[in-house]
Amino acid sequence: LGGGPLAGRRVLVTSGPTHEPIDPVRYIANRSSGAQGTAIARALAQAGAEVVFVTGPADTPPPGGVEVVRVETAREMEAAVRRALPADAAIFAAAVADWRVASASDRKIKKGAGGPPRLDFAENPDILAGVAGMGEGRPRLVVGFAAETHDVVAHATAKRVRKGCDWILANDVSPATGIMGGTENAVTLITGEGAEPWPRMGKADVAERLAARIAAALA
Ligand code: C5P
């Protein structure tokens, strides 16, 4: 058995974007690189945890030493998360698409006389809120993310309550910060006790600090 402060703990991490199909060759996506989620999974594994890493189609390759579950859509991610439970902690770093195309075509949509197609959207399940609201089988620690451009602490504090999770790691993604797609992050950890701003640091350092906090919370 390996050592480390998270030895014997099972932790689930979601990461990356989701892709929502329009037809067999087209999809709707977002710009998440998966960098922060991947760094968190790596730090948790290095701290000795058994990590299940549920990832959408991300640019960043998954870390070594974790169980990788690759998914494409939000609904696939939700199913994979349910299968990965039970876990001691669950960290939701994925940028899940809020909407999917209500009825994706099973054939390529052709250009034609009818003009451009109209797409109807349906709301995707909120995976974080679903797990945070579980009765029996809820992970002891459920952590969500909030990417905000203004009033970061107020919005993230409200989000923690609305989603029913234990912690929110909030980051300021206003363009001037250069955080979106960059190597650094400036986060505030929101817990039931309040808001704790962390200094700006590399995404790997954010991950290590979070892993240490998770280990302390589960100890
Ligand atoms: O509501 P918002 O998308 O800002 O919430 C972000 C948090 O919720 C992140 O932790 C994200 O992984 C999670 N989330 C989710 N399922 C969704 C939408 C967001 O798990 N459908």
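The values are calculated or read from the model by the stated rules, or taken from the named source; none is laboratory data. This structure is a prediction, so every number in the text was calculated from the model and none was measured. Reconstructed Cβ throughout: ideal geometry from the backbone, glycine too, with neighbour counts over all protein chains shown. Please note that ligands, DNA and RNA were not included when accessible areas were found on the heavy atoms of the full protein model with its side chains. Shrake-Rupley method; radii C 1.70, N 1.55, O 1.52, S 1.80 Å.
Values for this structure:
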{"item": "Amide hydrogen neighbours beyond the local backbone of A147, cut-off 5 Å, H modeled", "result": "N171"}
{"item": "Angle between the chain longest axis and helix 152-163 axis [Cα atoms, degrees, rounded to 10]", "result": "80"}
{"item": "Low-density loop positions, GluC sites (Glu not before Pro), the stretch 123-219 - DSSP coil, at most 11 other Cβ in 10 Å", "result": "E136, E193"}
{"item": "Helix-only [θ]222 nm of the chain, DSSP H runs n ≥ 4, -39500 (n - 2.57) each, per residue, nearest 500", "result": "-8000 deg cm²/dmol"}
{"item": "Accessible-area composition of the chain, carbon plus sulfur, in percent [1.4 Å probe]", "result": "50"}
{"item": "Point-charge dipole on Cβ atoms (K/R +1, D/E -1) for the stretch 91-217, about Cα centre, debye to 20", "result": "600"}
{"item": "Top of A41, A80, A104 by mean-square fluctuation, Gaussian network on the chain, Cα under 10 Å", "result": "A104"}
{"item": "GNM result for the chain, Cα springs below 10 Å: residue of N185, N171, N30 fluctuating most strongly", "result": "N30"}
{"item": "Per-residue ³J(HN,Hα) for the stretch 200-208, Karplus 6.51 cos²θ - 1.76 cosθ + 1.60, θ = phi - 60°, Hz, x for Gly and Pro", "result": "4, 8, x, 4, 5, 6, 4, 5, 5"}
{"item": "Estimated Rh, the stretch 102-219: Kirkwood, alpha-carbon pairs, angstrom", "result": "16.9"}
{"item": "R0 of 35 Å, Cβ-Cβ distance A154-R82: FRET efficiency to nearest 0.05", "result": "0.65"}
{"item": "Hypothetical label at A176: residues of the stretch 125-163 whose amide nitrogen lies under 13 Å (7 Å Cα-Cβ projection)", "result": "149-151"}
{"item": "R0 of 30 Å, Cβ-Cβ distance R140-L119: FRET efficiency to nearest 0.05", "result": "0.15"}
{"item": "Å² per residue, accessible surface of the chain at 1.4 Å", "result": "51"}
{"item": "Hz values of 3J(HN,Hα) by residue in the stretch 104-115 - Karplus curve (6.51, -1.76, 1.60), Gly and Pro given as x", "result": "4, 7, 8, 10, 4, 6, 8, 5, x, 5, x, x"}
{"item": "P(r) histogram, all alpha-carbon pairs of the stretch 1-144 included - 10 Å bins from 0, percent", "result": "12, 38, 29, 13, 6, 2, 0"}
